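Structure, as structure tokens:
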Amino acid sequence: MSTTSEVQTLYIGLLGRAADPDGLAYWVGQIDAGTLTLEQLRSNIVNEQPEYANGLGLDTRTQLVNALYENMFERQAGEVGLTYWVDGAGSTVPADQLVYALSNGAAATDQLTLDNKVTAATYYTANTLQAAYTKALATASVSDVDSTEASVTASKAATDAGGAAKVITSALAIDNAVNVTGGQGAATVGGASELEVGTGVTATTGAATYIIRGGAGSATGSDAGDGGIATLDADGAFTTTSTVSILGGASATSTGDADGGAATGTFATTFNVLGLTLTGANGSAAGLGNGGAASATVTGVGTIGASGINVTAGDGGAYAGAAVGGASTLILTGASTITGDIAITGGAGVANDAADGGVASATFTGAATATAQTLSITGGTGSVTGDGDGGAASATLAATSTFSGIVLDDGLTTASQGTGGAATLTLTSTLDSTITGAVTAAADGEGAIVVATGVNDKITTFASNIGTSAVRLKTLAVTSSSNKSSAGNFNGDVYVDAITVTGENTTDTAGEADAFFAKDAGFTTLTLDTVSNSAATVTFDGTTAQTITGSILGAAVGDGAIAVTNTAGAVTFASALGATKLGSVTLAANTTTVFDSTLSSATLSASGAMTLKGAVTLTGVLTTGNGSTITLGTAFKDGGATAITAADSTDGINQTGGAVTVNVSNQFTT
């Protein structure tokens, strides 16, 4: 018999319970080191431990013998045995040695009962945190165990439901699956389960697959007991050559409103795994229970292998009620390297009232490197036959990140039924950062990008294309907040249905928003929105010719500014500008700008070469720079149209000095 089993036998017999984790570890360590013997431990418990002194130590000899039989064999002593140990030859055997004598002389059924109790006790101790230990649960883990396997199974289930937990305090080499499962709810909430990797411990666990699963909601009648929480908490380094799965608990299979238990993983230092999967559970098909949520937080450096990252929210429930799918949330605060694809997927809506899919989200606070991998963000599908909306899916990048590509896929929306979940990529860097990898839409008009800096005056640069001319994204927003300027720098082609640049500030000009475009851009509208004293500016600063297709306008009259600083190639605006009048348009020296359609702005400052093919209407001043050129297109060749109307330039062009060339074959009106 192992030392652990020997010590558990003493606890069962003399104290009537399983050993607590710290106590077992201490005594086994002392005995295995040769510092203490089992005989000395038996004597210590009987002669020095208050728990024994206040328990069996108060019993008469008859009461003691019967108690030991109950504790060890789940029965009273028979008449012969009782007589022998109380009045016969065994009456002089001390209590500490009596446990040993009863164990050695046990009949087959009694021995099986004792073995089962040791098994149940060992399971309890191995799956309980010291902080979660209670004498009542330790006693319950062995008190009803008999010679049947069913009694052992029931004890283990009770341990799980009561809060199973385990602390890893030294390096491991585990090759089998590790499961941490919350207890199933019943009339009350199921117990929590936890696996903890201690501080400073490297849990290098071979090929072990980790599954952290929240407990299931009640399966009984109308009971409302939620499933228990399941937690993997790694304060020390965590490494496995296999995968980690964190799964929300299943919602109730009964008619009650019991939710599935949450499943959570927290990793404080090194995190090195083959793959990471987070899955929220589906809403109930029988009641109002919501699916359990799944979440993981990696604070240290993360390395995720070829199986990649999958963050999937649960679907809405099939029951006629608001049974919502469990959310799925991943936060990586340290730098991460990922050699498999990353998928963020919202849950699907279901036909019944408000049976919405869960929300899926991933936040990369540290730099993410996935050079050859795709980040896919997919909203949940809305219900085709009911009101259940698909869950949103989002990824937030707060530092420089590299992917082979990023795909945004809004969930399917059907007319008059459930709305598909939005797919959103948000950039919130606190430093200047670069996002590498083309951002594309799964279908035309899907997906959203939001650039909103985390601190003042930082720039997020997109090194690759956004959308294509055939398949545009739905929206792109560059937005500031009070006292935090925000800027998006777009080095590739940009094709998005609607672009907004919003500066927001109520005290000074620190809340301005800027968007810089270096190549072609195509959109339906680009709206510039200023709040209070802020500014919203779009700048075209490429190093080759640029064609800008789409309407650029102010959110309100006089909002926003356009600047052209590209000195290497012509910037051509193919569409009307200022459907709602802009605040200003500035064309830097040595630039070439072509306006294929009309322009409406408060002011226009033209220091380079400007070609007008549509009328320009200004409520303020036209300013020209030294050496600037204005060329009028064929729309003005017959003299029947006014090329530029500048309300405040009543005495002519507001020239800054030097020569201005106007290529015109007809009347020029100011």
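The values are calculated or read from the model by the stated rules, or taken from the named source; none is laboratory data. If you're wondering where the values come from, they're calculated on a predicted model, not measured in any experiment. Methodologically, a virtual Cβ is constructed for each residue, glycine included, from the backbone with ideal geometry; neighbour enumeration extends over all protein chains shown. SASA here: full protein model, heavy atoms, side chains in, ligands and nucleic acids out. Shrake-Rupley method; radii C 1.70, N 1.55, O 1.52, S 1.80 Å.
Restrict the check to the stretch 519-537 and report whether at least one residue is small (Gly, Ala, Ser), surrounded by fewer than 18 Cβ atoms within 10 Å (Cβ to Cβ) and modelled with pLDDT of 95 or more.
Filtering the stretch 519-537 for residues small (Gly, Ala, Ser) gives 521-522, 532, 534-536.
So of that shortlist, the ones also surrounded by fewer than 18 Cβ atoms within 10 Å (Cβ to Cβ) come out as 532.
If we keep only those that are modelled with pLDDT of 95 or more too, we end up with none.
Within the stretch 519-537, not a single residue is small (Gly, Ala, Ser), surrounded by fewer than 18 Cβ atoms within 10 Å (Cβ to Cβ) and modelled with pLDDT of 95 or more.
Restricting attention to the stretch 444-460, the residues being among the polar types (S, T, N, Q) and crowded, with 20+ Cβ neighbours inside 10 Å number 2. Do we find that ARG42 is within 21 Å of ALA126 (Cα to Cα), touching a Phe, Trp or Tyr at 6+ places or on another chain (Cβ under 9 Å) and in contact (Cβ under 8 Å) with a residue 24 or more places away in the chain in this structure? In short, no. Does ASN71 count as surrounded by 20 or more Cβ atoms within 10 Å (Cβ to Cβ) and either under 14 Å from GLN97 (Cα atoms) or of a type in the set (S, T, N, Q) (or both)? Yes, satisfied.
Is it true that some residue in the stretch 369-376 is farther than 21 Å from THR428 by Cα and out of contact with any strand residue (DSSP E or B) (no Cβ under 8 Å at 6 or more places or on another chain)? Outline the logic, then answer.
Our first condition is that a residue be farther than 21 Å from THR428 by Cα; within the stretch 369-376, this holds for 372-373.
Restricting the remaining residues to those that are out of contact with any strand residue (DSSP E or B) (no Cβ under 8 Å at 6 or more places or on another chain) gives none.
So far as the stretch 369-376 goes, no, none of its residues is farther than 21 Å from THR428 by Cα and out of contact with any strand residue (DSSP E or B) (no Cβ under 8 Å at 6 or more places or on another chain).
Considering (1) at pLDDT below 95; (2) outside any strand (DSSP E or B), the lone condition that THR502 does not fulfil carries the number (2).
Quick one: is LEU64 at negative phi, open to solvent by less than 30 Å² (accessible area, probe 1.4 Å) and of a type outside the set (Asp, Glu)? Yes. Has the stretch 323-346 got any residue that is assigned to a strand (DSSP E or B), under 16 Å from GLY280 (Cβ atoms), in contact with a Gly (Cβ under 6 Å, 6 or more places away or on another chain) and not aliphatic (A, V, I, L, M)? Taking every residue of the stretch 323-346 in turn, at least one turns out to be assigned to a strand (DSSP E or B), under 16 Å from GLY280 (Cβ atoms), in contact with a Gly (Cβ under 6 Å, 6 or more places away or on another chain) and not aliphatic (A, V, I, L, M). Of the residues making up the stretch 294-309, just one is closer than 21 Å to ALA360 by Cβ, open to solvent by 40 Å² or more (accessible area, probe 1.4 Å) and not β-branched (Val, Ile, Thr), namely SER307. When SER103, SER91, SER43 are checked against the criterion of being crowded, with 19+ Cβ neighbours inside 10 Å and either at pLDDT below 95 or under 52 Å from the mean Cα position of the chain (by Cα) (or both), a single residue qualifies: SER103.
Please state which one of THR419, THR369 is in a strand (DSSP E or B) and either open to solvent by 10 Å² or more (accessible area, probe 1.4 Å) or touching a Lys or Arg at 6+ places or on another chain (Cβ under 8 Å) (or both). Full working, then the answer.
On the way: THR419 fails: in a strand (DSSP E or B).
Sole residue among the options that is in a strand (DSSP E or B) and either open to solvent by 10 Å² or more (accessible area, probe 1.4 Å) or touching a Lys or Arg at 6+ places or on another chain (Cβ under 8 Å) (or both): THR369.
For the stretch 473-491, a tally of residues being within 18 Å of THR424 (Cα to Cα), open to solvent by 50 Å² or more (accessible area, probe 1.4 Å) and either among the hydrophobic types (A, V, I, L, M, F, W, C) or in a loop (DSSP other than H, G, I, E, B) (or both) returns 0. Scanning the stretch 559-572 for residues that are assigned to a strand (DSSP E or B), open to solvent by less than 20 Å² (accessible area, probe 1.4 Å) and under 17 Å from ASP493 (Cα atoms) yields VAL564, VAL571. Of all the listed residues (SER584, SER575, SER597), the sole one being part of a strand (DSSP E or B), open to solvent by less than 40 Å² (accessible area, probe 1.4 Å) and of a type outside the set (Asp, Glu) is SER584. Test GLY34 against the stated conditions and say whether it is in a helix (DSSP H, G or I) and not hydroxyl-bearing (Ser, Thr, Tyr). Spelling it out, it is not the case that GLY34 is in a helix (DSSP H, G or I) and not hydroxyl-bearing (Ser, Thr, Tyr). Of all residues in the stretch 135-152, those satisfying the criterion of being over 17 Å from LEU14 (Cα atoms) and outside any helix (DSSP H, G or I) are ASP146, SER147, THR148.
The residue that is surrounded by the most Cβ atoms within 10 Å (Cβ to Cβ), counting only those in the stretch 382-416 that are in contact (Cβ under 8 Å) with a residue 40 or more places away in the chain and polar (S, T, N, Q), is SER383.
The number of residues in the stretch 437-458 that are among the polar types (S, T, N, Q), part of a strand (DSSP E or B) and within 20 Å of ASP514 (Cα to Cα) comes to 0.
Assuming SER251 fulfils every condition listed in (1) hydroxyl-bearing (Ser, Thr, Tyr); (2) modelled with pLDDT of 85 or more; (3) surrounded by 23 or more Cβ atoms within 10 Å (Cβ to Cβ) apart from one, which condition is it? That leaves (2) as the condition not met. Annotation note: of GLY236, GLY260, GLY265, GLY280, the sole residue that is at pLDDT 70 or above, surrounded by fewer than 24 Cβ atoms within 10 Å (Cβ to Cβ) and either under 25 Å from GLN373 (Cβ atoms) or more than 17 Å from the chain's Cα centre (by Cα) (or both) is GLY236.
Within the stretch 605-635, the residues that satisfy the criterion of being over 54 Å from the mean Cα position of the chain (by Cα), within 20 Å of PHE540 (Cβ to Cβ) and open to solvent by 30 Å² or more (accessible area, probe 1.4 Å) are THR629, THR631.
Of everything listed in (1) over 22 Å from the mean Cα position of the chain (by Cα); (2) part of a loop (DSSP other than H, G, I, E, B), the single unmet condition for THR461 is (2). Any idea which residue in the stretch 372-381 is least open to solvent (accessible area, probe 1.4 Å), counting only those that are without any contact (Cβ under 8 Å) to a residue 60 or more places away in the chain and farther than 15 Å from PHE403 by Cβ? Restricting to residues being without any contact (Cβ under 8 Å) to a residue 60 or more places away in the chain and farther than 15 Å from PHE403 by Cβ, the top hit is GLY379.
Could you check, for the stretch 633-647, whether at least one of its residues is in a loop (DSSP other than H, G, I, E, B), at pLDDT below 85, β-branched (Val, Ile, Thr) and out of contact with any Lys or Arg (no Cβ under 7 Å at 6 or more places or on another chain)? Scanning the stretch 633-647, I find at least one residue that is in a loop (DSSP other than H, G, I, E, B), at pLDDT below 85, β-branched (Val, Ile, Thr) and out of contact with any Lys or Arg (no Cβ under 7 Å at 6 or more places or on another chain), so the answer is yes.
Condition check for GLY162 on (1) modelled with pLDDT of 75 or more; (2) closer than 29 Å to TYR52 by Cβ: one failure, at (1). Exactly one residue out of ALA126, ALA138 is surrounded by 18 or more Cβ atoms within 10 Å (Cβ to Cβ) and touching a residue at least 40 places away in the same chain (Cβ under 8 Å): that is ALA138.
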